[in-house]
Every structure is written in structure tokens, then in C-alpha cells.
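First comes the structure, then the notes that go with it.
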Amino acid sequence: MMDSGSVLSAVALIYLTAWFGFVFHAVTRWRWAGRIGTWTWTLAVLVNTAGLVLRWVESRRMGHPYVPVSNQYETMALFALAIGVLYLLLEIRFRVRNVGVFVGPLPFLFLGLASLLFHSEVRPLVPALQSNWLTAHVLTCFLGYAAFALSFGVSVLYLFVSRYGKGLQEVFPDVKTLDEINYKAIALGFPFLSVGIITGAIWANEAWGTYWSWDPKETWSLITWLVYAAFLHARFARGWAGKRTAVLSIVGFLATLFTYFGVNFFLPGLHSYA
Amino acid sequence: MIDSLWTLLRSVKLTIFLFLLLASGAVLGTLIPQNLSMEDYVHHYGPFAARFLHVLGITDVYHSLWFVGMIVLLMLNLTSCSLYRLPAVWKVLWTKPRPLTDTLWKNLPVHRIIRLEEGGEKALEVLRDVLRGALWQVRLEQTGEERHLIAQKGRLGPMGYQVTHMGVILVMMGALVGSLIGFQGFVRIEEGKVALQVEDRRKGGWRELGFGVRCDAFKVDTYPDGTPKEFRSDLTFLQDGRAVQKGILRVNHPLKFGGYVFYQSSYGYTGTVTLEAQKGAQGERRRLQLDLAETLSLDEDGSLRIRLMEYQPDFRGQGPALLLAILRRGEHPVGGWVLIGGPPVRIQEWTMRFISVHQRAWTGIQVKKDPGVWIVWLGCTLILMGCLLAFFVPHRKVWVRMRPQGEGAFFHLGASSRRGVQGLEKAVEGILQRWKARTDWASLEVMRSDDG
């Protein structure tokens, strides 16, 4: 029987293959490459889901079942899955392909790094982590992060297309659509991040008796929230669009990445486990 | 002057500026360690920089005058901006859309023209039902021989950001209430003991609870691999010395009593250790008792002292153990773990055996009173509801104009939305499909308009 660790490592390669499909499509304009890319991506999403379910089964077999979202390894796999699912929804909803050229490498990177850097063994939960609020907190946070990852990929593509636009119209969606997707992704991610911060606050209030303690992770999630709040206000009230919002969106995703990785590596705090 | 200040205060420019400034300030607070002692800052950054950081409030960013000031300014900005825009939003909410003039028809993002050979009146009725069925608010009007259907949906959408702003203000007010009249304390209770007062974490000193909390037992459950699974305190609340309520306090499962909330927060053990010390091979064996954190001198002149730093009831699965520090005059202290009942330990000419330990567990309990927390949760709910309204409830309007022509009629169907034309087209297509399905006139044909 395969263990979840090797399944999730394999998924990284499936995502990578799918990404090659997107890139191949973009370079050669051979439509089937893009289609095969999307199908391979769908396969990756299914196996990614299976890997996480398998992990739950393993924790059950150990006698301490838990939703596998409680350490850095598991959240990396969850991050990849969330990006995978939202990307598929994006392709369906906007009937676009190839937006994946810049989003595509992310799940591969996250799963690859997870396999290299973190322990993949299943460990039972310490008391503070035994909470349904935690599950809700992590799931909503990562759906938010994944939506921001999409807006990031689309923004990079926007800058790329608006710079080297000539002859790319038949490969990539037009810049107006990219701008629209950028906003839509953030309009999805922002409420998810808000729910994530709020459920985190409720959990902290249950576990430690304070809903906000300026812990570095909390603070950085607030910083991320502020950057995207600035994005939304700039877009709606000041009419920002195109290049400027694309840059803001990239800054927002860098803040997201620092909230997730940077804080764990560089700053100490309550979130030492994830 | 006052006017331009007011314009600045309610401007979205200021909002965005404050967002980015607050974010930068918060970044600063995560890069510079917060709330250390002045000595630590001097040690890290040198005396001049330490003083600089301290004066600018960077050693406690989130409570510094400038950070709190920015938050207050942001609240003023939100409030004035919301109030300024309220009348317009209110108007959208309560004004009934009117039939459109011809020029306005031309500007609609979605516009379809439908010709019907017969039964115009009936078809209009059906269309009204279709719209109502899809939860549109529909009104019928007549001008001359033309008949109009005016429908709208998602009127609350444009209110969304107002609701979110209100939520943010409530969260801040809740936090203010909590910090003004809330209480945060901590108490350590040994097994079997009763606590009547708790340490005030904010103002220092102690606060009388007005009732007693007894810790009947404290337990740590572990998984087979030794990871902690559960910390639990069995508590009894006492009123005038009588037990009135029992409860089990666990992490993530706070208890409420007497207006306070109790949280399992830490634990530890105190113990009195009995040890036997012998000087040289022939010296007399002395029995000594040592409490946690107590330092004992073995030699009369105090040149060799031992101190009990920590007690562990189960050290790496090998039974109770002590962390001892040996302090010799003129040397750095050395320390190490010693197992109870283990082999004797030699320190210089002394031989020591650890005979027994009388251990008691203590539980560390966070005690809190926060009347503002419900305001915060209410604010959070409003923030989310507002986001959902603003992002996912587009305010859409549909106009239908029927002009009879002989037996049949010409229908104009147009729609507008404050955002998301793509979704609007889909919605209109859906309405047309259902309309077509329920009118069995074969002659109903949908013609695209020039700009549709």
C-alpha cells in the first residue's frame, strides 16, 4: 500500500507535466497540448485529493483521526490542492486556457518543497490543535491564499501580455479579461481570508482567551488583508485597473507568501507548528 | 479650509494611504522584537539605537501613539466616508426605477428585441411571472399604448461596503470596550488548593474574584509516542466556602463562572525533594529537604550550593527527575538532570542520593472578562455579510417595453448592472429561455439588437 507521502510527491510531478502542457500550448499554439494540460491538471487535482484523504485514513489507522491540515507538510499539500481546484474553476468559469502558464508551477513547487523540507509522517494532534475552529480556519485561509495565487499568476501574465502583447492574442485571453479575472479572484480570496482571520480569532479566544494578540502570524495576515483592502478600494473608488492593480496584486501575494512561509522561518510565535 | 479638510478626511485616497501605512507599521512591529526590557534592546542595538526605538514607540508598535492614532484616523475616515455616501446609497435602495427614455435604451449593456405575431398581453403576463419566479421585484406601468415591466434585483448589493465599514467600526469598538472595562488575569493553583484572587495581567497586582476556585486534580494524557494529548484540570467553584459548581477545564474548552471565563493555559509541578548527602567516604549522611527554586548550601561556608530548577514527573519515560544546578564559588553554574532513585551523583567530595519526592501538580489558568467580545463577533459578521453583498450581489435592473403592433407586439428587453456585464447577459438569456419555454407561440423570435 502506498503511503500518503509518496502519493503527494508523485502529484507534484503530475502538476509539473500539466504545466508543461500549458507552456507547450503557449509556445507552439498546438491546441491539444493545452487540452492535455487541463486533463493532466484535473488528474493531479484528483490524486492530490486522494493523497490527503489517504492521510486521514492513515491517522485513523493510528487511532487518532484528524483532518490533515495541522502542520506545514499538510498545509502545503492543501495549498496545492486549493490552487488546483480554483484554477480548474477559473478555466470553466471564464472559458480560458493558458492562464495557467504562471500559476502552473506553484502547486509543483509547494508539493516539491513539502516533500523535501518537512516531515511527512502522521503525528497526533497536541491539545491546542484539537478544535473544529482550527479546521475551518485552515481551510478558509488556504482557499483565500489559493485565490490570491491565481490573481498573482494572472497579474504576472497581464504584465507579460501588455509588454510583449504582439502576436499573443490568439494564445492568451485579452488583457481586459485578465484584469477582470484578477479582480474576481481577489473578490473571492478577500472574504475567504477574512473568514480565515475571524475563525482564527475565535479559535484563539477558545484556546487562549484572547482573540488577537499581535502574534507575527496574525499581524502578517492583517498586513495581507490591508494590502488587498487597498487593492479593492483603489479599484472601486479610485478606478485603478490594469498595470497598477496587477502590481498591487503581486505585492499582495508576496505578503501572503510571507504570512505563510516567512513568518514560520524568520519570526517566532504561536503558530510554531504550522 | 475646513471644507478641504473634510474632503480629505472622507477621501478614499486617505483610506488607501492609511491601509498601506498601517501595514508598514505592522511590518515594523514583526521585524523588531516587541516589549523586551531596555537592557535587551541596548544589548541588541546599542544604547543610541535602543533609545531611538524606545522614543519612537517601535519597541511597542501596536500600542504606540502613532499606530493607535492611525487606527483612530482610519475609523474617522471610514465613518465620514460612509456617512457622506449614505444618502446616495439610501436613494438607490428606495427609488423605484422609471421607464427609460430612448437615449437611455441605447446605452444599456444588454438589449434584445423580440417580435411576437400574436398575444402580446398574455406574453407580458408570462414574462412577469418568469421574472417573479426568479425573485425579481417587478412593477407594471403603462404609458400611452406602451406597457412596461420594470424589474430589479440585488438592491442590497450597493449597501455591502457600508455594512462592512460598520463591521470594522464595531470590531474596533469591541476591542476598545474590552481594553477599557475588560479584565485579563492569571492564576496558578496547586492540586487541592483554592484560589480566591488572581493576578491582574494588565495593571499588575491582584484581584479578588468574589468566589473560590479549587483545583481538585490536574492530569496530562499522552499518546503512545509521548506527545501530549490532553491537559485537564478538575475544578470546583466555591461560594462562601461551599461547592456550587464542578467543571472540567481543557484546552479549547473554556469554563464560565461568575462573569469570568477560565482557560487552561499552562501547568507544572512543585515538589519537595528529599536527598541524602554525604561528604567524603566516611562523612555522616545528612538528610536534606529541598523545595522547587530553593537553593541549599552544603558546605558551611557556602562554597558549594545546589538549586532545584525544575521537576519532571516523568523524564523521557524514566520516571521522576530533577533539574539541578550546582553553584560553586567563582565558577559558572553547571546543571543536569538527576533521576529519583537513580545512582548516586558525585560533586566534588560530596555524594548525593535522591531518595523521594513529594510532588504536587499546579495548573495555570487564564482568567478573563471581556464584555466587548460580542461586539467584536457582531462586527465580524457584518464585515463578512458586507463583503458577500458587495462582491456577489450585483444590483441589476431589467426594463421591458411592449408596443402592440396589429395582432402581435414588439418587445424590447434591456438590462443594466453596476458591474459584471458577463453575468448580466447570462441572467437575461436564462430569463428569455424560460419565457420562450412557457409561451408556445412559434412566432416568438429573439432578434439581437445592434449593440447587444
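The values are calculated or read from the model by the stated rules, or taken from the named source; none is laboratory data. Please read all numbers here as calculations on a predicted model, not as lab measurements. Don't worry about glycine lacking a Cβ; one is built from the backbone with ideal geometry, like all the others, and counts go over all protein chains shown. Accessible surface areas use protein heavy atoms only, side chains included; no ligands, DNA or RNA. Shrake-Rupley method; radii C 1.70, N 1.55, O 1.52, S 1.80 Å.
Filter the range B:217-239 down to residues that are of a type in the set (Asp, Glu), modelled with pLDDT of 90 or more and exposed (fewer than 15 other Cβ atoms within 10 Å of the Cβ), then give me how many there are.
Adding up the residues that qualify gives 0.
Going by the structure shown, is residue B:357 more than 30 Å from the chain's Cα centre (by Cα), more than 14 Å from chain A (Cβ to nearest Cβ) and without any contact (Cβ under 8 Å) to a residue 24 or more places away in the chain?
Numbers: more than 30 Å from the chain's Cα centre (by Cα): yes; more than 14 Å from chain A (Cβ to nearest Cβ): yes; without any contact (Cβ under 8 Å) to a residue 24 or more places away in the chain: no.
Against the criterion (more than 30 Å from the chain's Cα centre (by Cα), more than 14 Å from chain A (Cβ to nearest Cβ) and without any contact (Cβ under 8 Å) to a residue 24 or more places away in the chain), residue B:357 does not qualify.
Would you point out the residue of the range B:171-202, among those that are of a type in the set (D, E, K, R) and open to solvent by less than 70 Å² (accessible area, probe 1.4 Å), that is farthest from residue A:213 (Cα to Cα)?
Initially, the range B:171-202 is screened for residues of a type in the set (D, E, K, R), giving B:188, B:190-191, B:193, B:199-202.
Still in the list and also open to solvent by less than 70 Å² (accessible area, probe 1.4 Å): B:190-191, B:200.
Working: B:190: 28, B:191: 30, B:200: 17 Å.
Once the filter is applied, the top-ranked residue is B:191.
Test each condition in (1) in contact (Cβ under 8 Å) with a residue 24 or more places away in the chain; (2) in a loop (DSSP other than H, G, I, E, B) for residue B:224 and report the one that comes out false.
All conditions pass for residue B:224, except number (1).
Given the criteria exposed (fewer than 15 other Cβ atoms within 10 Å of the Cβ) and part of a loop (DSSP other than H, G, I, E, B), does residue B:335 qualify?
Numbers: exposed (fewer than 15 other Cβ atoms within 10 Å of the Cβ): yes; part of a loop (DSSP other than H, G, I, E, B): no.
Taking the combined requirement at face value, the residue does not satisfy it.
Filter the range A:214-225 down to the residues that are under 26 Å from residue B:249 (Cα atoms) and either touching a strand residue (DSSP E or B) at 6+ places or on another chain (Cβ under 8 Å) or at the interface with another protein chain (Cβ under 7 Å from one of its Cβ atoms) (or both) and list them by number.
Selection gives A:214 alone.
The rows are residues; the columns are (1) part of a helix (DSSP H, G or I); (2) in contact with a Cys (Cβ under 8 Å, 6 or more places away or on another chain); (3) more than 14 Å from every other protein chain (Cβ to nearest Cβ); (4) at positive phi.
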residue	(1), (2), (3), (4)
B:163	yes, no, no, no
B:168	yes, no, no, no
B:197	no, no, yes, no
B:203	no, no, yes, no
B:214	no, no, yes, no
B:218	no, no, no, no
B:230	no, no, no, no
B:243	no, no, yes, no
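Report every pair of residues separated by at least 6 positions or lying on different chains whose Cβ atoms are under 7 Å apart, first residue within the range B:100-118 and crowded, with 17+ Cβ neighbours inside 10 Å, second among the polar types (S, T, N, Q).
Pairs found: B:108/B:416; B:111/B:449; B:112/B:449; B:113/B:449; B:116/B:443.
Within the range B:283-297, how many residues are farther than 14 Å from residue B:354 by Cβ and open to solvent by less than 30 Å² (accessible area, probe 1.4 Å)?
Result for the range B:283-297: 1.
Within the range A:162-177, track down each residue that is under 22 Å from residue A:85 (Cα atoms) and either within 14 Å of another protein chain (Cβ to nearest Cβ) or open to solvent by 20 Å² or more (accessible area, probe 1.4 Å) (or both).
Here is the first cut: in the range A:162-177, the ones under 22 Å from residue A:85 (Cα atoms) are A:172-173, A:177.
Matches in the range A:162-177: A:173, A:177.
Within the range B:269-284, is there a residue that is closer than 20 Å to residue B:347 by Cβ, among the basic types (Lys, Arg), in contact with a Leu (Cβ under 7 Å, 6 or more places away or on another chain) and away from chain A (no Cβ under 14 Å)? Even if it seems obvious, please write down each step before you answer.
As a first pass, look at the range B:269-284 and keep what is closer than 20 Å to residue B:347 by Cβ: B:273-284.
Okay, now just the ones that are also among the basic types (Lys, Arg), so B:279.
Retained after the next criterion (residues that are in contact with a Leu (Cβ under 7 Å, 6 or more places away or on another chain)): none.
No, there is no match, as no residue in the range B:269-284 is closer than 20 Å to residue B:347 by Cβ, among the basic types (Lys, Arg), in contact with a Leu (Cβ under 7 Å, 6 or more places away or on another chain) and away from chain A (no Cβ under 14 Å).
So residue B:396 passes all but one of these: (1) within 12 Å of chain A (Cβ to nearest Cβ); (2) under 30 Å from residue B:423 (Cβ atoms); (3) open to solvent by 20 Å² or more (accessible area, probe 1.4 Å). Which condition number does it fail?
Condition not satisfied by residue B:396: (1).
Check B:22, B:31, B:14, B:74 and return the single one that is within 9 Å of chain A (Cβ to nearest Cβ), at negative phi and buried (at least 16 other Cβ atoms within 10 Å of the Cβ).
Working: B:31 fails: buried (at least 16 other Cβ atoms within 10 Å of the Cβ); B:14 fails: within 9 Å of chain A (Cβ to nearest Cβ); B:74 fails: within 9 Å of chain A (Cβ to nearest Cβ).
Result of the check over B:22, B:31, B:14, B:74: B:22.
What's the total number of residues in the range A:256-270 that are open to solvent by 10 Å² or more (accessible area, probe 1.4 Å), in contact with a helix residue (DSSP H, G or I) (Cβ under 8 Å, 6 or more places away or on another chain), within 12 Å of chain B (Cβ to nearest Cβ) and assigned to a helix (DSSP H, G or I)? Spell out how you get there, then give the answer.
So in the range A:256-270, the residues open to solvent by 10 Å² or more (accessible area, probe 1.4 Å) come out as A:257-258, A:261, A:264-270.
Filter once more, so that each one left must be in contact with a helix residue (DSSP H, G or I) (Cβ under 8 Å, 6 or more places away or on another chain): A:258, A:264, A:267-270.
The next check asks that each one be within 12 Å of chain B (Cβ to nearest Cβ); those that pass are A:258, A:267-269.
This time we only want the ones that are assigned to a helix (DSSP H, G or I), so: A:258.
So the count comes out to 1.
Look through the range B:245-264, keep the residues that are outside any strand (DSSP E or B) and without any contact (Cβ under 8 Å) to a residue 24 or more places away in the chain, and return whichever of them is most open to solvent (accessible area, probe 1.4 Å). Break it down into steps so the answer makes sense when it comes.
Our first condition is that a residue be outside any strand (DSSP E or B); within the range B:245-264, this holds for B:251-252, B:254, B:258-259.
After this cut, where a residue has to be without any contact (Cβ under 8 Å) to a residue 24 or more places away in the chain as well, the list is B:251-252, B:254.
Numbers: B:251: 23, B:252: 11, B:254: 40 Å².
Among residues in the range B:245-264 that are outside any strand (DSSP E or B) and without any contact (Cβ under 8 Å) to a residue 24 or more places away in the chain, the one most open to solvent (accessible area, probe 1.4 Å) is B:254.
Which residues, taken from the range B:34-61, are within 11 Å of chain A (Cβ to nearest Cβ) and either open to solvent by 30 Å² or more (accessible area, probe 1.4 Å) or closer than 29 Å to residue A:236 by Cα (or both)?
As a first pass, look at the range B:34-61 and keep what is within 11 Å of chain A (Cβ to nearest Cβ): B:34-35, B:60-61.
B:34, B:35, B:60, listed by residue number.
Go through the range A:192-208 and give me each residue that's more than 29 Å from residue B:266 (Cα to Cα) and either more than 9 Å from chain B (Cβ to nearest Cβ) or surrounded by fewer than 22 Cβ atoms within 10 Å (Cβ to Cβ) (or both). So that I can check it myself, show each step before the final result.
Filtering the range A:192-208 for residues more than 29 Å from residue B:266 (Cα to Cα) gives A:192-194.
The answer is A:192, A:193.
Answer with yes or no whether residue B:323 is at pLDDT 80 or above, of a type in the set (A, V, I, L, M) and open to solvent by less than 90 Å² (accessible area, probe 1.4 Å). Show your work before the answer.
On the way: at pLDDT 80 or above: yes; of a type in the set (A, V, I, L, M): yes; open to solvent by less than 90 Å² (accessible area, probe 1.4 Å): yes.
So residue B:323 passes the test.
Can you pull out the residues in the range A:10-55 that are hydroxyl-bearing (Ser, Thr, Tyr) and at pLDDT 90 or above?
From the range A:10-55, those hydroxyl-bearing (Ser, Thr, Tyr) are A:15, A:17, A:28, A:38, A:40, A:42, A:49; that's our starting set.
A:15, A:17, A:38, A:40, A:42, A:49 - these are the residues of the range A:10-55 that are hydroxyl-bearing (Ser, Thr, Tyr) and at pLDDT 90 or above.
In the range A:82-114, which residue that is more than 17 Å from the chain's Cα centre (by Cα) and surrounded by 19 or more Cβ atoms within 10 Å (Cβ to Cβ) is nearest to the other protein chains (Cβ to nearest Cβ)?
Looking only at the range A:82-114, we keep the residues that are more than 17 Å from the chain's Cα centre (by Cα), and these are A:92-98.
Restricting the remaining residues to those that are surrounded by 19 or more Cβ atoms within 10 Å (Cβ to Cβ) gives A:97-98.
Numbers: A:97: 17, A:98: 19 Å.
Selected residue: A:97.
Picking from A:228, A:211, A:183, which residue would you name as being within 10 Å of another protein chain (Cβ to nearest Cβ) and assigned to a loop (DSSP other than H, G, I, E, B)? Give the derivation first.
Numbers: A:228 fails: assigned to a loop (DSSP other than H, G, I, E, B); A:183 fails: assigned to a loop (DSSP other than H, G, I, E, B).
Within the list A:228, A:211, A:183, the selection yields A:211.
Take the range B:360-406 and flag every residue that is touching a residue at least 60 places away in the same chain (Cβ under 8 Å) and at positive phi.
None - no residue of the range B:360-406 is touching a residue at least 60 places away in the same chain (Cβ under 8 Å) and at positive phi, so the list stays empty.
Quickly run through the range B:328-355 and pick out the residues that are within 30 Å of residue B:219 (Cβ to Cβ) and touching a Pro at 6+ places or on another chain (Cβ under 9 Å).
Here is the first cut: in the range B:328-355, the residues within 30 Å of residue B:219 (Cβ to Cβ) are B:335-342, B:353-355.
B:339, B:340, B:341, B:353, B:354 - these are the residues of the range B:328-355 that are within 30 Å of residue B:219 (Cβ to Cβ) and touching a Pro at 6+ places or on another chain (Cβ under 9 Å).
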